[in-house]
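*Asks:* I'd like to ask you about the structure that follows.
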Amino acid sequence: MSRRVVVIGGGAGGTAAAYAAREAGANVVALLGRPGATVLSCGALDGPPLDALGATRGAVLAFIEALGAWQLTEASCQLATNAGLLRASRGRDRGLVDLAALRNGVVGVVDASRAAWDAVGLARAWSAEPWARAHGLRFEPVAVDVLRHAHESVAPDADLAELHDDPARVGWLLERLKKAHALQSKCGIVLGPWLGTKTGVSTRLSMELGKPVGEPLSPPGGVAGLRFETARDALLAKMGASCVAGWAVRLASNGGTPAPVQVELESGETIDADAAVLAVGGLVGGGVRFEPRRPFELSLASAAVLALRGVPLVTSGSPHGAPFETFAWSGQRDPAGLERVGVWTDERGRLRAADGSPRVALFAAGDTVADAPRTLLDAVRSGVVAGRHAALGDGP
Amino acid sequence: MSNAALVEVDVAVIGGGVNGTGVLRDLTLRGLTGALFERNDLAFGASGNSSGMIHGGPRYLTADPEVTRTSCLDSGHIQAIAPHLLFRVPFLVPIGGEGTERTPLDLVDGFFEAYDAFQPLKHGKPHARLTPDELFRIEPGLFGGRDKGTGLVGGISFDEWGIDGSRLCVANAVDAAERGARVYTHTNVEAVLRDPAGAVRGVRAKNLLTGESFVVAARAVVNATGAWSTLTALAAQIPEKSARVRPGKGIHVVFDRRLTNYGIIARAIDGRQIFLEPWQNVTVLGTTDDDFYGDLDDVRATSDEVRYLVEGVATVFPAVKAARAIGTTAGVRPTLYEYGPGEDELTRDHRVVDHAKDGAPGLYSMIGGKLASYRIFAEQMTDVLVARLERGGAPCRTHIAPLPGGERTVSRRPLAERLGIDAVTATRLVYRHGARSEAIAERVAERPEEATVVCACEPVIEAEVRHVIRTEWACTVDDVARRTRLGLGACGGMRCAARCGQIVAEERRLTPRDGARQALRFLTRQAGMRAVAVGPLQAQQEALGLAALRAELGPVIEEGE
């Protein structure tokens, strides 16, 4: 009989864990309670180089392939940001325009009259970037009326994106872009961050126009996060995972049979499983809270031991709580403590007890893991490791 | 290195705080020539990190009535020359109950009756005696709105004026520069040059951004370096003790909005007077006063100091604990040196020290003082300079000649319409630049795209950023923030610092990467200043900010730049 794995958290780490556990033959229950760092992410896929993924490389690539919303290439991508910078990343959300292949030309920035979309300023700023200069690229605003109704000029990005989930609307947009004379000589086109809550709009536009077309990075909480959620829900459904919308308040493990793990939900319901993967996020995602006297704690009750820089955290010695500056902003090259704090785990993703020994049925993935770099690729990597081991148990 | 002077002036002023810029302005108004050297930025020290008030100092009334009188008188003069920079801050002094003023109401009432005599000097209103009911009506947040069991017996109100200390310094420097003075910021004076007889003949300075050294010849040198005075004495080769101050560190906690419409006076656990003050768009909680022995170029608040203030004022205004702190400021007062008295008992008076007694004729130190009395201090210093140099006989006019921006009032609404910006943006622009907003409006008329709002919290438009870089010696993102408050609002610069870095890079012909690096440095420092003030709920926001920053800059932050 296949093992039952419950995954708490629906971000990059949790979804990768769910996928890997299912691939390894487990029955998966996914708790998708709250938006976290992945949903807030901007669409840039940062992380270690593919070569550094070692044995997990295949599993990481397989997950990204299955998810469909992201693209990871051997060469790095070049993305445009909302603050007027150009920057490299390992991969991207497929809605984002990748400028890496462009040389010696002009990229059109569609100047739609949207309140939060400063095409003129962005074109000027991107053109001044050293990468653009080195590759002979310039950015020019091109006024194209890509809004159909007056209210669209002030609608939030997500609402405008949702309108672009309609293929007819995308067809209309395509005609507009084709008809714009000034765009024809351009080697790429940047539109604002509103090209659909489902993946595929940028890909379709790029194919039809024969040049890279897409968005710059989303602001935190923008449409790239929405597209991840859409893709995640589709993937979990396809895998046959049972998804629960509630959130866990307690995680207990007595190590006994037949149910070594119990997860108690907000609703009072309990889910029994053979193993659990904690992928509730770090401080950004809300999985870890700053609780001055502890000085950090997990947002759900469990026996997890929190650690920082490889050492378990102890209760603060100050009656007023630990001073936050001890953890915030290291000022050095090291990431700050608040970005590293999390659950203490071993190399398989198993939670460690206070004495350092691994717990049998409890795993952690993503930003929940102490000292893991807070990037999407690192979250996926720890997710596939934890998911696979959770599914296999103590077997081979 | 050659000691040949590039420039010759009458007076070299060291220090770009309010005393240094004030004396530079005064001496140019009297027909002397001058150059100013500032190691960091204008208003980098105590002037830019003060409580932002040109208060009459009722605190000093019993011990030092003369300080109160000169403060009030000069407060009135500053209103006349820079009306755009001042805003009224009415204060409440609740009496009775934990954390309040412990003097009996009748005595406090009598005390402020005496202070009322000084109010006309600074166009302030006389105080009012208030019942507990009246206090709660004016400020419902007092004691969390609970009258019962607080022991409150009443209170009084009194009137003060708020000011942006950085703008005041910049205005003085701009005015001096327009009369021919030279202003060198980010420039350290390495040595005060002296002739064989000991008399000063100039300074050798080094631009800390470019590394370039140069010499300026001067017949007199003024040390207006505040808490840095001892270091300046070393550069002048005079005994350290001859320009001694007693550095007193003071911190403020800044909250994201105006929590009250009135300043509130409270007593900290050790009985010291502290206050909560609505200031521009934010609320400022201050202040501490502790002897300081650390690095003057990097003064920071600690969480101990923050807790001392927050716990203290929370006894009177509990909502402060739930408010969102967006940062802290820290500065070091250059109080007159005295061994023995507690920090609060030290006089806020000022003194001109003539270093002829130390064998350095022509060298003077301005020691002590406060924001409110900078003008009179500058006047006294300039009188001494005029007497020594036997030049510049024109009478002092700093109390009547308007500062740049104070020449006339500018209507905000027509300006908003002309620039195509909203009324709030126009109001803030006029506050900072007064009549000089016109110069910014002219920029926008030529380049309409510069009406774009760069910092939405304050707000600040692109043309203003470029204006302060071109005309007010802003060289870095930090400098722009000091002059415009860009990035010092609720979002902590997360939305605007990167863009500001780009503009600085463009204007100063740096690489865009250098601009991004400056932005990152600014954000890191701001976050460091904020970290001591955050509570549990703010920690997640802080982490989010970091994540957003990394998303924006990508590998830059990983490379640790």
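Only the coordinates and a few stated rules stand behind these numbers; no lab work does. All figures in this text were calculated on a predicted structure; none of them were measured in a lab. Neighbour counts are summed over all protein chains in view; Cβ atoms, including those assigned to glycine, are modelled from backbone coordinates with ideal geometry.
*Asks:* Using label points projected 7 Å from each Cα along Cα→Cβ, tell me how many nm separate A:Lys179 and B:Asp304, to one decimal.
*Replies:* 7.1 nm
*Asks:* Just how large is the dipole of chain A about the Cα centre, in debye to the nearest 20, putting +1 at every Lys and Arg Cβ and -1 at every Asp and Glu Cβ? Write out the running numbers ahead of the final one.
*Replies:* Working: 40 positive and 40 negative charges, 130 e Å.
Dipole magnitude for chain A comes out near 620 debye.
*Asks:* Continuing with this model, one more query. Suppose R0 equals 45 Å. What FRET efficiency, 1/(1 + (r/R0)^6) with r the Cβ-Cβ distance, do A:Leu50 and B:Arg408 give to the nearest 0.05?
*Replies:* Working: r = 65 Å, r/R0 = 1.45.
The value I calculate is 0.10.
*Asks:* Under unit Cβ charges (Lys, Arg +1; Asp, Glu -1), what dipole magnitude, rounded to 20 debye, does chain B have relative to its Cα centre? List each step's numbers first, then the result.
*Replies:* Working: 66 positive and 71 negative charges, 160 e Å.
Charge dipole of chain B: 760 debye, to the nearest 20.
*Asks:* Let me ask something else about it. Name all residues of the stretch B:342-362 having a backbone nitrogen under 18 Å from the label point set 7 Å from the Cα of B:Ala117 along its Cα→Cβ direction, giving them as ranges.
*Replies:* Correct set: none at all.
*Asks:* Need the C-alpha centroid separation for the stretch B:21-94 versus the stretch B:286-317, integer Å.
*Replies:* 22 Å
*Asks:* Cα centroid distance between the stretch A:241-302 and the stretch A:89-141, in Å?
*Replies:* 43 Å
*Asks:* Moving on to the next point. Got a sec? Charge dipole of the protein assembly as shown, +1 on Cβ for Lys and Arg, -1 for Asp and Glu; which of A:Leu351, A:Ala182, B:Thr150 is way out at the positive end?
*Replies:* A:Ala182
*Asks:* For the protein assembly as shown, what does the helix formula give at 222 nm: sum of -39500 (n - 2.57) over DSSP H segments with n ≥ 4, over the residue count, nearest 500 deg cm²/dmol? Please list the in-between numbers first.
*Replies:* Working: 29 runs with 309 residues, N = 957.
The per-residue figure over the protein assembly as shown is -9500 deg cm²/dmol.
*Asks:* Still on this model: For the protein assembly as shown, what mean projected area does the convex hull of the alpha carbons give, in nm²?
*Replies:* Values: hull surface 172.0 nm².
Result: 43.0 nm².
*Asks:* Under 4.7 Å Cβ to Cβ, no partner at all: give me those cysteines from the protein assembly as shown, in residue order.
*Replies:* A:Cys42, A:Cys77, A:Cys187, A:Cys243, B:Cys72, B:Cys169, B:Cys396, B:Cys457, B:Cys475, B:Cys491, B:Cys500 - these cysteines have no disulfide-compatible partner (Cβ-Cβ under 4.7 Å) in the protein assembly as shown.
*Asks:* Right, here's the next one. Place +1 on the Cβ of every Lys and Arg and -1 on the Cβ of every Asp and Glu in the protein assembly as shown, take the dipole about the Cα centre, and give the residue among B:Ile440, B:Pro239, B:Ile264 whose Cα lies farthest towards its positive end.
*Replies:* B:Ile440
*Asks:* Moving on to the next point. Rounding to the nearest 20 debye, state how big the charge dipole of the protein assembly as shown is about its Cα centre with +1 on each Lys and Arg Cβ and -1 on each Asp and Glu Cβ.
*Replies:* Result for the protein assembly as shown is approximately 1400 debye, rounded to the nearest 20.
*Asks:* State, to one decimal in nm², a quarter of the convex hull surface area for the C-alpha atoms of chain B, i.e. the direction-averaged projected area.
*Replies:* 25.7 nm²
*Asks:* I'd like the distance between the alpha-carbon centres of the stretch B:172-234 and the stretch A:32-80, rounded to an integer number of Å.
*Replies:* 55 Å
*Asks:* Also, quick follow-up: Using the beta-carbon distance between B:Arg102 and A:Asn104 and R0 = 60 Å, what value does 1/(1 + (r/R0)^6) give for FRET efficiency, to the nearest 0.05? Write out the running numbers ahead of the final one.
*Replies:* Numbers: r = 76 Å, r/R0 = 1.26.
After rounding, the FRET efficiency stands at 0.20.
*Asks:* List the extent of the Cα atoms of the stretch B:412-558 along each of their three principal axes, largest first, rounded to whole Å.
*Replies:* 44, 34, 23
*Asks:* A further question on this structure: With a point put 7 Å past each Cα toward its Cβ, work out how far B:Ile269 is from B:Thr511 in nm, to one decimal.
*Replies:* Label at B:Ile269, label at B:Thr511, 5.1 nm between them.
*Asks:* B:Thr62 to B:Ala401: FRET efficiency via 1/(1 + (r/R0)^6), r the Cβ-Cβ distance, R0 30 Å, to the nearest 0.05?
*Replies:* Values: r = 35 Å, r/R0 = 1.15.
Calculated value: 0.30.
*Asks:* Any idea what the alpha-carbon Rg over 2.2 N^0.38 Å comes to for the stretch A:78-217? If you can, show how the numbers build up before the last one.
*Replies:* Details: Rg = 13.8 Å, N = 140, 2.2 N^0.38 = 14.4 Å.
Normalised Cα radius of gyration, the stretch A:78-217: 0.96.
*Asks:* OK, next. Length gain on complete extension for the stretch A:Glu347 to A:Arg133, per 0.36 nm per residue less the alpha carbon to alpha carbon distance? If you can, show how the numbers build up before the last one.
*Replies:* Details: separation 214, 0.36 × 214 = 77.04 nm, distance 4.35 nm.
72.7 nm is the gain from fully extending A:Glu347 to A:Arg133.
*Asks:* List the extent of the Cα atoms of chain A along each of their three principal axes, largest first, rounded to whole Å.
*Replies:* Dimensions of chain A along the principal axes of its Cα atoms: 70, 48, 42 Å.
*Asks:* Here's another thing I want to ask about it. Working out 0.36 nm times the residue gap between B:Arg88 and B:Asp344, then minus their Cα-Cα distance, what length gain in nm do you get to one decimal?
*Replies:* Values: separation 256, 0.36 × 256 = 92.16 nm, distance 2.53 nm.
Stretched fully, the B:Arg88-B:Asp344 segment lengthens by 89.6 nm.
*Asks:* Cross-link partners among aspartates and glutamates for B:Lys148, C-alpha distance below 20 Å, same-chain residues fewer than 8 apart left out?
*Replies:* Result set, ordered by chain and number: B:Glu98, B:Glu101, B:Asp133, B:Glu134, B:Glu139.
*Asks:* Mind checking which helices in chain A clear 20 Å along their axis (Cα) and have mean Kyte-Doolittle hydropathy of -1.0 or more, DSSP H runs only?
*Replies:* Details: long enough: A:223-239 (24 Å, 0.38); A:376-392 (24 Å, 0.82).
Answer set is A:223-239, A:376-392.
*Asks:* To continue, here is another question. Take the residue pairs A:Lys186/A:Lys211; A:Lys178/A:Lys198; B:Lys321/B:Lys370; B:Lys206/B:Lys357 and return only those whose Cα atoms are more than 19 Å apart.
*Replies:* On the way: A:Lys186/A:Lys211 9 Å; A:Lys178/A:Lys198 23 Å; B:Lys321/B:Lys370 30 Å; B:Lys206/B:Lys357 28 Å.
Flagged as over cut-off: A:Lys178/A:Lys198; B:Lys321/B:Lys370; B:Lys206/B:Lys357.
*Asks:* So for the stretch B:412-558, taking the charge dipole from beta-carbon charges (+1 Lys/Arg, -1 Asp/Glu), which of B:Ala498, B:Ala516, B:Leu537 sits furthest toward the positive end?
*Replies:* B:Leu537
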